[in-house]
Every structure is written in structure tokens, then in C-alpha cells.
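Working notes, beginning with the structure itself.
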Ligand code: MTE
Ligand code: MOS
């Protein structure tokens, strides 16, 4: 390592505390600060809203309500059902009603108490099944079907049914929602936003202010985590800051405090589901019927897309010939729930795994026997018609079994359970098969802009937002490989709508795939021109015989006098462009919503986890002994980033189904609004042993340099910990009723075990 560690590397900047987030920027002189006045009522009619007393408070420069919006009071992306500021009615506790802007953040917050709001309360609904009964749906239910379920039940030797509930999850990104809006010339605006979707913010700001999109530039430096929570839900805060900035002609900064962020923003969607699963005596799955009641919260946000992904993943990693999966997107009076790592996939996979555990109990076999028997194999068709190609489900499963010595471990667990009175161990396997692509086909596109400077250094801009997942490291690797130059030569620009326009959010784990491909294309365009220059410089006639290898120019395989730096300087001298823009769109994907059939995914990512836990049956507390994974990744673009994604995702998945419990009071206000009441996994709760083995030899023509996406899939390994816990509980209470409710907090474990406590 040199004395000057790579200054462009995010990780080095983080460690030194030098990386900058929106709130770290020194705001321009005269910057004002905004604070949000939010609805205290879950549902009601606004009878009176008086901001005059707040406006009269010291330091207050403006108070804005729906009436002050010059354009459209609408930020709904998929369905226009989301006002920026409440207009006439409020639909959840935490809905923004007014914005107070003052000289300092403290003065703005202090003035919030002087906003006067009277709400005539209306009945509120918080439960998705209740909403469904009342017909409160965001869109009519959708059904994915294959085979003939009705006919298939008759052929089943065993049929089980039940109800499964999974809870919400707080994103808990380290950086709370924030944005800084800077008014420019002629009514234009630059918005620096902590968003996964710069174009979505640009569009909404333009819509709210009644401006053409070219008047609004949105820039993202990096995010202190997004996890889906800033895919759609960074937008309101950016729009509010922009509204105030444009009305007052001053820079305006809006930063949510942690508790505010927790109260005002949506979470992972809680699901309540009914299932029916049938199989033959040998464990072959024959029929599966499932209904998902999704708790969407008060607006559509991304809920319909998230529910669609639940339908795509209804059958998990398994082949089931007869399927009927229905999803209902239920409108309730909670802050709108939103994208969260896995995007509806985890909720659906949890249900099929729960159903299999019930089925295995009915058959008197290990769940793993049923899982293994029905794993997807090459060419199998999923209920929506896509056939799995390059399927690694079975390989990952079998390799996990042998690598982590399943048989021996089973024996050890049985022995432990036989010799302990109040402690039990449990084991579970969790296979994952996750579709990679936005299910909204249009979003599967990206752009890149590359500039080579005359000193040979390179600037790369794409649509990808760096949020800790390492996409910038990977894109840098792409450019350095494409040109065959030192990584240190490549710098990633902050993401900006002015550099790369009309972008999709960085989401659906596609950041590297889409932007990496676009970056590769842009680099190749410049490279093509450089080859011609090289041939000319060398007095040769075949540019196609020019090659750059590690900064050295070769002709017909022989090193020449040219280096990368000399070649670039020569190109400039010959007045050849050293810049290129490129666009990439995933080929071959399609989906027909009228038949619910198609090939929506570029490919699937696979893997299997073996999870082991130890349960204290007296206290209900538990330890995650190990999570050991075999994961299909292909050749890694950045080994450290990929391992970090796997480990982080697993911890987040375990948290979702064990400790993390989002609770609301009967009036709809959030009870778990800080970290003393909302528990997340910490270093002490993390698996004692966490091992991830990547399959590096698998092929993926639709990835970048053959690698597969890894942002979301590992989260679902956490589901295995839930079922390992359940196995431990089952070992303690072989005949007791055990629910299929998550999160399985220590309290919930204890209450279920309590009946049999030998005390
Ligand atoms: N990793 C970190 N450190 N921070 C994040 O916010 N978001 C996750 C995942 N990994 C996230 C993360 C989610 S929800 C997605 S969709 C992907 O990263 C997005 O990035 P990618 O498309 O580049 O994988
Ligand atoms: Mo990720 S939930 O697709 O931002």
C-alpha cells in the first residue's frame, strides 16, 4: 500500500470520515431550514388550518401549505394518489400538512407547535384484511395461475392450510432523509437529494413547481444507505425543500431527525396471507394456492410493483405444477409502505417456506426433504411462464449440504436436544431464487457518460446511485477493465440528472448490471476511436489489430512505443473526441399483464443457506449460531463489496423476522419510533459464524463481465433463521400449536412455549 491510499475509494473516505453526505455540505450563506408539520390524525377532514401564529414566530420566513403549490400538488409516481401537502383530508399520522421555514433548524422546529390544525376524525383502518373487506383496494387484485389447482387437490395425498403474517421493517439507513434546494437563474433549481431515484425527484419537483424538467437538476453525492426507503420516499422532502426555495428565492435545507424519519416514512409492507399446499405422499408438491393481503398504507407509492414481485416469487425456489397466487394491495391509514430490499419477494418466500414446514409436519418428515425434492431444475417453468436458465438451485443446495456437513450437524443438534432440559437447537435450510430485472420493463435501461481527459484520467458518470452497496467501485472496475488501465485513473462522478438523464432508480439489484453495461458501451466507443488514432500514430492500417493491455498499446500482439497516456494525448492532438455517451436496455425481457405471462427477468440468482440457532426455552431468548451459505454469484467484480452485500443482507433478513417489530398505537401513531423500542440486530446478535461461499464459475451473459447481481438476494437467507428457531421450538414442544407469525421476537417465542414450561 502506498502512503496515499486511493483517495477515490468510498471505503477509504468513510474510514477517514471524509466522505460527504448532503448534511455535510457547507450550505451557502443565507440558507434557510425547513421543518415539517405532520398530521396527528390517522384519517380525517381538515376543518381548520391556521399558520398565521407560526409565521409570526421569531426567525420564521415562510409557512407553506397545499395552497402555496404553484404546480400540481401531486407526487404519486405510479398512481397519482399522493398529495405533497395534505389538501382537505389527512390519511395517516405523519402525513405532511405544512412546511415551516426559518433561519435555523431550531427556530423552524420551535414554530411547528404554533401551527393550528383541527381535524374531524374519520374511521381509520390499519389491518389489510379489514381494508380488503371494506373494498379499500389501491388496484383490483391480480392472480398468477398455472395448471389447474382445483383439479389438483383431488390428487394430493396431503393438503395443509394456514395463515402467515409477516411484519413491517424500518429501513434505518444511517443517513436520514434530507435535501438541499438551491435556486438558480430564471426560476431554475438545483436539488441535492439523498435519493435512489434522481429522475423521480426531478420529475416530481418539476410537476409540483410547474416547471419543465430541464429547469430542475437533481444531484446525488452518495447515500448513507437507502435499502429501498429512498427509492420513492426521498421525493417528498426534496419537493418540499424545492417548494420553499422557489417561493423564497433562498437555498432551503430539509433534514429529518431520526424519530421524525421513523414516524413520517413508510416501511417494508406487512403481509397477511392464506395458503393451501398439497403434495403426494413422497413429498412432491402438486398444488399451491395463496392470497397475499398487502398492507400498502395510505397511498400507492410502489406497492403495486412490490405486490407484483410477491406474485413472481410466490413459489420460491420450487417447481409446483398447479398454482394460483392472488395479491390484494390494501389501502390502510398508515404512512405509505414502500420498497425494502427484496421488494415483496421476501414476504412471498416466507409464506411458501411456512407452508412447506406445515406440510412436512403433516407428512412427518424434515422440511428439508420436501424442499430438496421440489427444487427448481434447468428449464423448469415458473407459474408466469419464464423457464429458468443456468439454474443453480440444486447445485447450491447440494454444495451447502456437503460443505457445511448437514448430516453430522443434524446428529449434533439431536444430541444437544436430547441432553439439555431448557435449551434447544434448531436447523433449517433456506434456498433462494430471485429474479433480476425491474418487473416494470421500461425501467430496465441506463445511461453512461465517459470523458477521458488529456492526462489520461477518466471521469465516468452513470445513473447509478452509490448507497454503500459498492456500485461505484464496481463501475470503476468496469471502466478500468474496458480500457485496460489502472483503476486509480477512473473517477466516478456524483449522480446527476444533468449528466445522465431519464434514469431509473438504483434499485432491484440492477445498479451494476444496467449501468455497468452502459459504461462498458461508452468506454468501447472511445476505445474504438483510440484504436484508429493508434494505428495512424504507428503508421499501420488495421485499427482492429490495436489492443491496450495494462496501459500499453500493442499492435498485432507486439508492444508499441505508445502508452495509454501518449495515445490519449495524440488523440486530442488529432482533434478526436475523447468523450462518449451510451445507453443500455436489457434485451429479451417482456411481460404481458393481460395474461400474466412472459419472461420478465434477465436471469435469476440462486443460493442456499444452512441456519442454526440455540434457544433458551426458559427465557425465550436465542442465539444465531451460524448462517452458512453457498451463493451463485459468478466471477466477482469486487470481492469485498460482494461479501459485504451478502453479510449485510443476511443480517437485515434475520432482523426482519426476529427482533424488528413495528408497532402502532390504536390511533395509528408509531410506538416503535426510536432505537430504545425498535430493536435491530447488532454485532452481538449477528450470527456467531457467518460464512458465504460464492460459486465463481457460473455464467451470466446478461451480467457485467459475467457477474450476477447481489444487492437483494442474500436478505432472504434470513428466512432460514426463522425456521431454525421454529425447529428449536418444535423440539421443545413436539405437539404444541406454533403460529406462523413474524417477527419471532423472544416475547413471542416465550408466549408460545409457556404452556409447557416445566416450572
Ligand atoms: N447495501 C447498502 N450498503 N446500502 C443500501 O442502501 N440497498 C439494497 C442493496 N444493498 C443497499 C445495499 C437494495 S434495496 C438494493 S435494490 C441494492 O443494494 C441496490 O444497489 P445495486 O442495484 O447496485 O445492487
Ligand atoms: Mo431495492 S428495495 O430495489 O431499492
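Only one residue in 414, 348 is free of Cβ contacts under 8 Å to residues at least 24 places away in the same chain and either under 27 Å from residue 741 (Cα atoms) or surrounded by fewer than 22 Cβ atoms within 10 Å (Cβ to Cβ) (or both). Which one?
Going through 414, 348 in turn, just one is free of Cβ contacts under 8 Å to residues at least 24 places away in the same chain and either under 27 Å from residue 741 (Cα atoms) or surrounded by fewer than 22 Cβ atoms within 10 Å (Cβ to Cβ) (or both): 414.
Considering only the stretch 417-447, how many residues are part of a helix (DSSP H, G or I) and either buried (at least 22 other Cβ atoms within 10 Å of the Cβ) or touching a helix residue (DSSP H, G or I) at 6+ places or on another chain (Cβ under 7 Å) (or both)? Even if it seems obvious, please write down each step before you answer.
Taking the stretch 417-447 as the starting set, the residues that turn out to be part of a helix (DSSP H, G or I) are 417-419, 441-443.
Right, trim to either buried (at least 22 other Cβ atoms within 10 Å of the Cβ) or touching a helix residue (DSSP H, G or I) at 6+ places or on another chain (Cβ under 7 Å) (or both) and you get 417.
Summing the residues that are part of a helix (DSSP H, G or I) and either buried (at least 22 other Cβ atoms within 10 Å of the Cβ) or touching a helix residue (DSSP H, G or I) at 6+ places or on another chain (Cβ under 7 Å) (or both) in the stretch 417-447 gives 1.
List every residue pair whose Cβ atoms lie under 6 Å apart, where the two residues are 6 or more positions apart in sequence or sit on different chains, the first residue falls within the stretch 548-577 and is over 20 Å from residue 452 (Cα atoms), and the second residue, located anywhere, is at pLDDT 95 or above.
What qualifies is 555/538; 555/540; 555/545; 555/546; 556/545; 559/552; 560/538; 560/553.
List the residue pairs whose Cβ atoms are under 6 Å apart, where the first residue sits in the stretch 465-483 and is more than 16 Å from residue 10 (Cβ to Cβ) and in contact (Cβ under 8 Å) with a residue 24 or more places away in the chain, the second is in a helix (DSSP H, G or I) and more than 8 Å from ligand 1 (Cβ to nearest atom), and the two are 6 or more positions apart or on different chains.
Close Cβ pairs satisfying both conditions: 482/520; 482/523; 483/523.
Out of the residues in the stretch 70-84 that are buried (at least 21 other Cβ atoms within 10 Å of the Cβ) and in contact with a helix residue (DSSP H, G or I) (Cβ under 6 Å, 6 or more places away or on another chain), which is farthest from residue 33 (Cα to Cα)?
Initially, the stretch 70-84 is screened for residues buried (at least 21 other Cβ atoms within 10 Å of the Cβ), giving 75, 82-84.
Checking which are in contact with a helix residue (DSSP H, G or I) (Cβ under 6 Å, 6 or more places away or on another chain) leaves us with 75, 84.
On the way: 75: 22, 84: 18 Å.
Ranking the candidates gives 75 first.
When residue 255 is evaluated against the numbered criteria (1) within 16 Å of ligand 1 (Cβ to nearest atom); (2) modelled with pLDDT of 95 or more, which criterion, by number, is the only one it fails?
(1)
From the list 162, 184, exactly one residue is in contact with a strand residue (DSSP E or B) (Cβ under 8 Å, 6 or more places away or on another chain), surrounded by fewer than 21 Cβ atoms within 10 Å (Cβ to Cβ) and without any contact (Cβ under 8 Å) to a residue 40 or more places away in the chain. Which is it? Explain how you work it out, then say what you get.
Working: 162 fails: without any contact (Cβ under 8 Å) to a residue 40 or more places away in the chain.
It is 184.
Taking the stretch 662-718 as the search range and keeping residues that are in a strand (DSSP E or B) and out of contact with any helix residue (DSSP H, G or I) (no Cβ under 8 Å at 6 or more places or on another chain), which one is surrounded by the most Cβ atoms within 10 Å (Cβ to Cβ)? Let's see the steps before the verdict.
To start, the set of residues in the stretch 662-718 that are in a strand (DSSP E or B) comprises 664, 670, 689-695.
Okay, now just the ones that are also out of contact with any helix residue (DSSP H, G or I) (no Cβ under 8 Å at 6 or more places or on another chain), so 664, 689, 691.
On the way: 664: 18, 689: 12, 691: 16.
That would be 664.
If the requirement is being crowded, with 18+ Cβ neighbours inside 10 Å and farther than 30 Å from residue 432 by Cα, which of these qualifies: 582, 565?
582
Can you name every residue in the stretch 480-514 that is away from ligand 1 (no atom under 16 Å from the Cβ) and assigned to a helix (DSSP H, G or I)?
480, 481, 482, 483, 487, 488, 489
Consider residue 92 against the criteria (1) farther than 24 Å from residue 200 by Cα; (2) crowded, with 20+ Cβ neighbours inside 10 Å: it satisfies all of them except one. Which criterion is unmet?
(1)
Can you confirm whether the stretch 222-236 contains a residue that is away from ligand 2 (no atom under 16 Å from the Cβ), buried (at least 24 other Cβ atoms within 10 Å of the Cβ), in contact (Cβ under 8 Å) with a residue 40 or more places away in the chain and under 22 Å from residue 108 (Cα atoms)? First the steps, then the outcome.
Start the filter on the stretch 222-236 by keeping residues that are away from ligand 2 (no atom under 16 Å from the Cβ), which leaves 236.
After this cut, where a residue has to be buried (at least 24 other Cβ atoms within 10 Å of the Cβ) as well, the list is 236.
Next, only the ones that are in contact (Cβ under 8 Å) with a residue 40 or more places away in the chain stay: 236.
Adding the requirement that they be under 22 Å from residue 108 (Cα atoms) leaves 236.
Checking the stretch 222-236: at least one residue is away from ligand 2 (no atom under 16 Å from the Cβ), buried (at least 24 other Cβ atoms within 10 Å of the Cβ), in contact (Cβ under 8 Å) with a residue 40 or more places away in the chain and under 22 Å from residue 108 (Cα atoms).
Being assigned to a loop (DSSP other than H, G, I, E, B) and away from ligand 2 (no atom under 16 Å from the Cβ) is the requirement here; does residue 254 meet it? Don't jump to the end; show me each part of the working.
Values: assigned to a loop (DSSP other than H, G, I, E, B): no; away from ligand 2 (no atom under 16 Å from the Cβ): yes.
In short, no.
Being assigned to a loop (DSSP other than H, G, I, E, B), under 16 Å from residue 684 (Cβ atoms), away from ligand 1 (no atom under 16 Å from the Cβ) and out of contact with any helix residue (DSSP H, G or I) (no Cβ under 7 Å at 6 or more places or on another chain) is the filter here; which residues of the stretch 623-661 pass it? Step through it out loud before you land on a result.
Filtering the stretch 623-661 for residues assigned to a loop (DSSP other than H, G, I, E, B) gives 633-638, 658-661.
Cutting the leftovers down to under 16 Å from residue 684 (Cβ atoms) gives us 658-660.
In the following step, the residues that additionally are away from ligand 1 (no atom under 16 Å from the Cβ) were identified as 658-659.
Scanning the stretch 623-661 gives a single hit, 659.
For residues that are within 16 Å of ligand 1 (Cβ to nearest atom) and either assigned to a strand (DSSP E or B) or more than 27 Å from residue 200 (Cβ to Cβ) (or both), tally how many sit in the stretch 448-479.
5
The values are calculated or read from the model by the stated rules, or taken from the named source; none is laboratory data. Bear in mind the structure is a predicted one, so any value in this text is a computation, not a measurement. Cβ sites come from the backbone with ideal geometry, for glycine too, and all protein chains shown count toward neighbours.
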